[in-house]
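The values are calculated or read from the model by the stated rules, or taken from the named source; none is laboratory data. What you see is a predicted model; the values in this text were computed from it and never measured. Cβ coordinates were reconstructed from backbone atoms using ideal geometry, including for glycine residues, and neighbour counts include every protein chain displayed. These area figures cover heavy atoms from the full protein model, side chains too; ligands, DNA and RNA do not enter into them. Shrake-Rupley method; radii C 1.70, N 1.55, O 1.52, S 1.80 Å.
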There are 2 protein chains.
Amino acid sequence: MNFSSKLLEKAVEEVAQLPGIGKRTALRLVLHLLNRPKSQTIQLTTALQNLVENTLFCKNCHNISDSEICEICANPKRNSELVCVVEDVRDVMAIENTAQFQGQYHVLGGKISPIEGIGPHNLTIDSLVEKVKNGGIKELIFATSSTIEGDTTNFYIFKQLEGLPVTITSIARGISVGDELEYADEITLGRSIINRIPFEHSLKR
Amino acid sequence: MNFSSKLLEKAVEEVAQLPGIGKRTALRLVLHLLNRPKSQTIQLTTALQNLVENTLFCKNCHNISDSEICEICANPKRNSELVCVVEDVRDVMAIENTAQFQGQYHVLGGKISPIEGIGPHNLTIDSLVEKVKNGGIKELIFATSSTIEGDTTNFYIFKQLEGLPVTITSIARGISVGDELEYADEITLGRSIINRIPFEHSLKR
């Protein structure tokens with residue numbers, strides 16, 4: 001690209017480094033910034049600066065937080081004996097939106113993925129094992145994504161916790177509520193048959 | 001969405017105001033910022049701040065520029081008697097990339113679009129008419145987009161310039177180089193027949 005302005009070029013270069021944003025999209029976004037009131041862009045840059053300068057990670061669950069202990073861990077109404085293990089903050093938000101879970105979380109910060117160079121020690125697994133060893137956790141629920149990496153991560157943690165007095169469960173995989181069987185993939189359908197539940201349970205909402 | 005951090009929520013809100021970026025994409029981008037070195041994000045925000053604080057628009061052609069007169073207008077090798085009228089800076093970049101144009105530009109800043117509330121006085125048309133009246137421009141080339149709004153804008157400028165000693169041309173519309181006729185749309189194909197050119201001209205590269 002042939003930029004008429006070095007400032008414009010630099011801004012486009014920086015925006016184009018974001019994931020999923022190419023040079024053309026970056027240029028469109030940057031020109032939009034020039035067309036709207038300057039104060040709005042200053043608000044945007046201030047919010048991003050505040051975020052990277054001041055965001056903390058909860059010392060207990062490693063979730064993104066404004067304080068040393070996040071709101072969920074600090075809430076005395078949440079059951080600290082029941083811990084849901086998730087990959088990142090988006091999973092916490094998704095589960096919180098269901099309003100079905102009253103325990104605490106443990107945010108791994110990703111999943112084991114040799115291809116991306118992410119090993120167990122890049123995640124918060126050691127801290128999870130430590131927490132379990134210190135006692136006080138009765139049940140861990142694995143809620144990582146249903147991929148090879150997610151399964152590997154679960155299995156690694158499972159092995160690390162062998163022999164410790166903690167129940168380990170996994171969220172149910174099966175046909176989505178509202179889905180028609182004929183369009184479900186075979187693996188999901190197969191698993192949902194193997195892991196069938198008593199009919200009375202399926203009446204619970 | 002159920003944010004665990006106000007800083008995160010504010011950053012996502014601001015990013016989601018950009019065109020074409022929803023809340024989910026904004027969250028993905030913002031979490032990416034948290035996962036990469038802080039200094040990279042400071043570079044990004046500094047570049048955007050510098051852009052909106054310091055960018056100028058060329059006093060002659062209204063293109064984005066780092067100085068009062070842009071590099072193209074300041075270049076004595078460019079023909080100031082030949083002016084190409086375009087919508088925005090992206091069109092200038094596209095034409096500059098062809099390396100086929102040695103004149104100057106006039107950036108309108110958009111096109112007349114009653115639906116979006118953009119009238120002639122929101123664009124730099126008055127300044128263009130002024131420039132033509134002051135003399136020194138022999139030919140104006142309309143290179144706005146081939147839409148109703150683009151055609152309206154061209155026609156409005158054409159009417160404003162009636163009687164002034166300036167040649168007004170429009171870039172050629174026709175079948176793209178490399179395109180097969182059977183896939184071309186009828187209007188483009190029809191226009192390319194009406195505006196046929198002597199064969200010798202088509203040999204020029």
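Charges were assigned to the Cβ only: +1 to each Lys and Arg, -1 to each Asp and Glu. The resulting dipole of the protein assembly as shown about its Cα centre is roughly 600 debye. Projecting label points 7 angstrom from Cα along Cα→Cβ for residue B:56 and residue A:146 puts them 6.1 nm apart.
Each residue of region B:56-70 is assigned a 3J(HN,Hα), and the resulting list reads 10, 10, 3, 5, 8, 10, 6, 6, 5, 8, 8, 10, 5, 10, 6 Hz, derived from the Karplus form 6.51 cos²θ - 1.76 cosθ + 1.60 (θ = phi - 60°), x at Gly and Pro.
About its Cα centre, region B:45-185 has a charge dipole of approximately 560 debye under the convention of +1 per Lys or Arg Cβ and -1 per Asp or Glu Cβ, with nothing else charged. Share of carbon and sulfur in the accessible area of region B:81-205 stands at 55%, probe radius 1.4 Å. Within a straight-line Cα-Cα reach of under 19 Å, residue B:23 can be paired with the following aspartates and glutamates, leaving aside sequence neighbours fewer than 8 residues apart in one chain: A:88, A:91, A:96, B:9, B:13, B:14. The eigenvalues of the Cα gyration tensor, multiplied by 5 and square-rooted, give the protein assembly as shown an equivalent ellipsoid with semi-axes of 58, 26, 18 Å from largest to smallest. Under the rule of at least 5 residues apart or a separate chain, name every residue whose amide H is placed under 5 Å from the amide H of residue B:118. HN-HN under 5 Å from residue B:118: B:113. Inter-copy label distances at residue A:54, using a point 7 Å along Cα-to-Cβ, come to 2.7 nm with the shortest given first.
Annotation for residue A:20, label-to-label distances across the other copies: 1.3 nm (shortest first, one decimal, point 7 Å from Cα along Cα→Cβ).
Placing a label point 7 Å from the Cα of residue A:115 along the Cα-to-Cβ direction, the distances to the matching points in the other copies come to 4.2 nm, shortest first. Our summary gives region B:125-203 a relative contact order of 28 percent, counting only alpha carbon pairs under 8 angstrom and 6 or more residues apart. Taking amide H as placed 1.01 Å from N in the peptide plane, the amide H of residue A:106 sits under 5 Å from that of A:84, A:85, A:86, each at least 5 places away or on another chain. Counting only Cβ charges, +1 for Lys and Arg and -1 for Asp and Glu, the dipole size of region A:99-149 around its Cα centre is about 180 debye.
The rotation axis bringing chain A onto chain B passes closest to the chain A residue reported with its distance as A:45, 2, by C-beta distance in whole Å. Residue by residue, region A:43-50 carries 3J(HN,Hα) couplings of 4, 4, 5, 5, 4, 5, 5, 4 Hz when phi is fed to the Karplus relation 6.51 cos²θ - 1.76 cosθ + 1.60 (θ = phi - 60°); x denotes Gly or Pro. With contacts taken as Cα pairs under 8 Å at a separation of at least 6 residues, region B:1-159 carries a relative contact order of 16 percent. The mean number of partner chain beta-carbon atoms within 10 angstrom of a residue's beta-carbon across peptide B:11-22 is 5. Among B:67, B:103, B:80, whose Cα sits farthest toward the positive end of the charge dipole of region B:2-119 (+1 at Cβ of Lys/Arg, -1 at Cβ of Asp/Glu, about the Cα centre)? The residue sitting farthest along the positive end of the dipole is B:67.
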